[in-house]
Structures are given as structure tokens and as C-alpha cells.
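Undergrad: I have a structure I would like to understand better, so I am pasting it below and will then ask my questions one at a time.
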Amino acid sequence: MAVRAQLLHRERPAGLLAMARQLTLLQLDPVSAIAPSADLVCWSRLGSSYSPEDLRAVLAGHRLIELRAIVRPAEDLALFRADMAAWPGHGELRDWQMHIRDWVQANDRCRREILARLSDGPLPSRELPDLCDKPWESTGWTNNKNVIRLLDFMVARGEVAVAGRKGRDRLWDLAERVYPDDPIVPAPEAARERDRRRLRSAGIARSRAAALAMEPIAVGEAGEPAVVDGVKGEWRVDPSLLGQSFEGRTALLSPFDRLVYDRARAEELFDFEYQLEMYKPVAKRRWGYYALPILHGDQLIGKLDAKAEPRDGVLVVNAIHQDVPFTPEMTAAVSQEIAGLAAWLKLEVRRTQP
């Protein structure tokens with residue numbers, strides 16, 4: 001059910017938009033040791049017919065829209081507009097919400113100037129003036145990044161949006177010129193619908209779960225309750241997936257792929273242990289800097305430690321870590337996927353091990 005819901009069974013989706021609507025989101029991430037995560041997700045579903053230009057084209061045409069480093073179908077923006085209108089939150093505010101509200105209010109002069117500049121058309125953040133009277137203070141990389149932080153909060157308020165990209169630079173515009181003019185869905189109904197769509201994309205998920213960065217993983221009361229043999233607690237399932245036939249295939253997944261994004265769920269359902277190790281010291285890595293999970297049928301069977309070297313024209317394969325002993329069929333299928341990945345990247349495979 002989980003594999004089918006994520007469009008990783010043998011029958012590939014009809015196209016990029018159909019895929020995005022089922023998955024509900026594509027997470028953007030700047031790391032591209034092999035390829036950007038969003039492109040890897042698209043390739044793993046659509047195959048060699050997919051080109052990164054396809055994603056850029058639908059983003060430029062606003063059929064998919066970037067919202068807080070996540071690409072979503074344009075029609076789904078109606079499910080977030082009520083929360084934007086209620087920024088910084090519904091009901092009694094927490095301390096951190098009051099802090100950002102007060103910071104934005106203190107820099108209202110800069111906010112208004114940004115809106116005025118964008119009224120003439122999209123601009124990258126470096127072309128927007130920093131007129132903040134109160135700097136943004138942080139112990140992280142955002143310290144004193146006043147315009148970037150203000151733009152983030154203006155996105156949350158529904159005032160500005162990412163209209164596209166020029167190279168790696170985001171182009172900012174007024175939200176009214178980017179978002180569809182669809183009726184706003186009331187907040188409680190929107191939350192329930194987001195839960196339903198999240199479950200439809202996951203196939204099976206927990207009703208409640210620990211919060212993760214970027215996107216929730218819990219689905220509330222969506223779907224129907226279910227029990228998984230050998231796993232504690234109650235799950236929720238999408239009943240539309242029950243009783244369907246399944247024919248699997250082999251796929252190489254992004255570390256941010258939604259099939260494995262919830263690491264606890266991947267371990268409970270697939271007995272698959274995984275961590276993204278790019279921030280670990282080399283000596284402490286078990287699987288590699290940017291290891292790709294390997295799916296075979298309805299099993300997660302290992303990790304591919306590889307790196308693209310476009311200047312040398314090669315996809316370097318450092319190791320294939322087997323979580324289960326590979327059968328000859330598995331070995332052949334994984335080798336075929338690696339060759340397909342290299343061909344899609346227009347690279348040759350180079351193995352550092354026999």
C-alpha cells in the first residue's frame with residue numbers, strides 16, 4: 001500500500017502533474033551529490049522520459065508552486081490561505097509566535113518597501129533593500145539575514161511568493177500574481193483535507209506522530225484504522241488502496257523521498273534503518289555521504305553510495321550496501337537501475353570496488 005501510494009509500483013504515472021498531485025509535494029534541497037532531490041524523486045517515478053526542464057517549466061507556468069522550499073500543486077494553495085490570513089497563528093499565541101509577530105511589526109517600514117518594489121515585478125532578494133530597524137538575531141546562519149527572514153514571514157502571511165528561479169536565486173513576487181484565485185478553504189476543513197491528501201500519498205500512516213521539519217507526517221482521523229502485525233499501535237490506511245493488485249519494480253530513491261522520509265515508519269513497516277549521513281564525520285558514516293535507499297518490489301533492500309562527477313563524466317559507485325543478501329535477480333535489477341541513473345545524468349558508471 002505504501003509503495004503503490006508513492007507511485008513506485010511497476011505502472012508509472014501519466015506525467016509530472018499527475019505524479020505531483022498524488023505525492024502532494026516535492027521537497028527542494030540544495031544538496032545535489034547525485035542530482036537535486038526533487039529531480040531524483042521525479043526520475044524514480046517517471047523514468048528516463050523526465051527532464052529537470054519539465055519541472056522548471058511547470059513552476060514557471062505556476063501549475064506547481066514553491067511554498068517554503070516545498071513544491072505543491074497550485075490548487076492545493078487554497079488549503080493554506082486561511083492559515084496565512086490568521087498569521088502568526090490561530091487562538092492563543094505561543095511565545096515564539098509573539099516574538100516573530102513583534103519583529104515583523106518593528107520592521108513594517110522594510111516590509112512595505114519590499115511590497116512596493118515587487119509591485120513592478122519579480123526580484124531576487126539581493127535586489128531588495130534592507131531597511132529593517134531591528135535586526136534578526138539568531139545563533140544560526142540566519143543571524144542578521146533580515147530581508148531573507150522578513151520574506152519568509154511575508155510568505156507565511158500570504159503577501160509574497162516565489163515566482164520562479166534564476167539560477168539558484170529565488171525570484172520573489174506579490175502572492176496575488178502567483179497564487180490561483182481559488183476560494184479560501186476554512187482552516188478546520190483545510191486541515192482535514194490536508195490530512196486526507198497526506199494519507200492518500202502515504203497509503204498508511206500514524207494518526208499522531210512526532211513533528212518533523214518541513215511537513216507533518218501524522219494524518220489525524222483521515223482514512224480508516226488498521227493494525228500492522230508485529231507493530232505496536234494503531235495506523236490509518238487509505239481504504240481506496242485495499243484489495244488492489246500489486247506488481248513491484250526496482251527503484252533508487254532520494255534520501256528525502258517520502259517513502260523513507262519518516263525514518264521511524266520506514267523501520268516499523270519495512271525493517272529499514274536509515275540516516276542521512278552528510279553531516280557526520282567520514283569515519284562515522286555507515287552508508288556514505290548521500291546514500292540512496294534501494295527499493296525492490298515491496299522491500300527496501302539496501303543503500304547505494306554514489307556520487308556524480310559531471311566534470312569527469314562519471315557516476316562514481318563507491319558501494320552497494322545490502323540490508324538483505326541480494327539474489328541474482330536483485331543484483332541484476334539494481335545494476336540496471338544504476339545504469340539507468342547514469343544514462344539519465346549523461347554519465348558513465350565507474351565502480352571503485354569490483
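The values are calculated or read from the model by the stated rules, or taken from the named source; none is laboratory data. These figures come from a predicted structure and were not determined experimentally. So basically every Cβ, Gly included, is an ideal-geometry build from the backbone, and we count neighbours across all protein chains shown. Each accessible area value is taken on the protein alone, full model and side chains, heavy atoms only, with ligands, DNA and RNA left out. Shrake-Rupley method; radii C 1.70, N 1.55, O 1.52, S 1.80 Å.
Undergrad: Do we have Ser32 as modelled with pLDDT under 95 and farther than 15 Å from Thr250 by Cα here?
TA: Yes: the conditions hold for Ser32.
Undergrad: Moving on to the next point. Residue by residue through the range 289-300, note down the ones that are open to solvent by 30 Å² or more (accessible area, probe 1.4 Å) and not in a strand (DSSP E or B).
TA: Tyr289, Asp298
Undergrad: Show the residue pairs that are 6+ apart or on different chains and have beta-carbon atoms under 6 Å apart, the first residue being within the range 326-342 and more than 15 Å from Asp305 (Cβ to Cβ), the second being surrounded by 15 or more Cβ atoms within 10 Å (Cβ to Cβ).
TA: Listed by first residue and then by second, the contacts come to Met330/His296; Ala333/Thr250.
Undergrad: The conditions are (1) part of a loop (DSSP other than H, G, I, E, B); (2) in contact (Cβ under 8 Å) with a residue 24 or more places away in the chain; (3) open to solvent by less than 50 Å² (accessible area, probe 1.4 Å), and Leu93 fails exactly one of them. Which is it?
TA: All conditions are met except number (2).
Undergrad: Please work out which residue is modelled with the lowest pLDDT, limiting yourself to the range 240-288 and to residues that are outside any loop (DSSP other than H, G, I, E, B) and of a type in the set (A, V, I, L, M).
TA: By that ranking, first place goes to Leu241.
Undergrad: Still on this structure: Would you check if there is a residue in the range 187-210 being touching a Cys at 6+ places or on another chain (Cβ under 9 Å) and on the phi < 0 side of the Ramachandran plot?
TA: The answer is no, given that none of the residues of the range 187-210 is touching a Cys at 6+ places or on another chain (Cβ under 9 Å) and on the phi < 0 side of the Ramachandran plot.
Undergrad: For the range 20-55, give me each residue that is buried (at least 20 other Cβ atoms within 10 Å of the Cβ), part of a helix (DSSP H, G or I) and aliphatic (A, V, I, L, M).
TA: Ala20, Leu23, Ala38, Leu40, Val41, Leu55
Undergrad: I've got another one for you. Restricting attention to the range 303-339, which residues are of a type outside the set (A, V, I, L, M) and more than 21 Å from Val31 (Cα to Cα)?
TA: Correct list: His321, Gln322, Asp323, Pro325, Phe326, Thr327, Pro328, Glu329, Thr331, Ser335, Gln336, Glu337.
Undergrad: Hey, can you tell me all the residues within the range 130-147 that are at pLDDT 95 or above and farther than 17 Å from Asp102 by Cα?
TA: The answer is Asp130, and nothing else.
Undergrad: Would you pick out the residues in the range 154-193 that are assigned to a helix (DSSP H, G or I), out of contact with any Phe, Trp or Tyr (no Cβ under 8 Å at 6 or more places or on another chain) and either closer than 29 Å to Pro13 by Cα or open to solvent by less than 70 Å² (accessible area, probe 1.4 Å) (or both)?
TA: Selection gives Met154, Val155, Ala175, Ala187, Glu189, Ala191, Arg192, Glu193.
Undergrad: Shifting gears a bit: List the pairs whose first member sits in the range 170-191 and is farther than 12 Å from Gly158 by Cα, whose second member is of a type in the set (Val, Ile, Thr) and surrounded by 19 or more Cβ atoms within 10 Å (Cβ to Cβ), and whose Cβ atoms are under 6 Å apart, counting only residues at least 6 apart or on separate chains?
TA: Filtered contacts from the range 170-191: Arg170/Val162; Trp172/Val160.
Undergrad: Among the residues of the range 124-143, which ones are open to solvent by 40 Å² or more (accessible area, probe 1.4 Å) and either touching a residue at least 12 places away in the same chain (Cβ under 8 Å) or outside any loop (DSSP other than H, G, I, E, B) (or both)?
TA: Arg126, Glu127, Asp130, Leu131, Asp133, Lys134
Undergrad: Could you tell me which of the residues Gly230, Gly220 is surrounded by 13 or more Cβ atoms within 10 Å (Cβ to Cβ) and on the phi > 0 side of the Ramachandran plot?
TA: Gly220
Okay, residues lined up against (1) of a type in the set (Gly, Ala, Ser); (2) in contact with a strand residue (DSSP E or B) (Cβ under 6 Å, 6 or more places away or on another chain); (3) open to solvent by 30 Å² or more (accessible area, probe 1.4 Å):
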position: Gly302; (1), (2), (3): yes, yes, no
position: Ala306; (1), (2), (3): yes, yes, no
position: Arg311; (1), (2), (3): no, no, yes
position: Asn318; (1), (2), (3): no, yes, yes
position: Thr327; (1), (2), (3): no, no, yes
position: Ala333; (1), (2), (3): yes, yes, no
position: Trp344; (1), (2), (3): no, no, yes
position: Thr352; (1), (2), (3): no, yes, yes
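Undergrad: Can you list residue pairs whose Cβ atoms sit under 8 Å apart, with the first residue in the range 224-235 being under 13 Å from Glu267 (Cβ atoms) and the second being modelled with pLDDT of 95 or more? Count only pairs 6 or more apart in sequence or on different chains.
TA: Matching pairs, first to second residue: Val228/Ile204; Val228/Trp235; Val228/Glu268; Val228/Leu269; Val231/Glu268; Val231/Leu269.
Undergrad: A further question on this structure: Which residue is surrounded by the most Cβ atoms within 10 Å (Cβ to Cβ), if the candidates are limited to the range 56-71 and must be within 15 Å of Leu171 (Cα to Cα) and charged (D, E, K, R)?
TA: Here the answer is Glu66.
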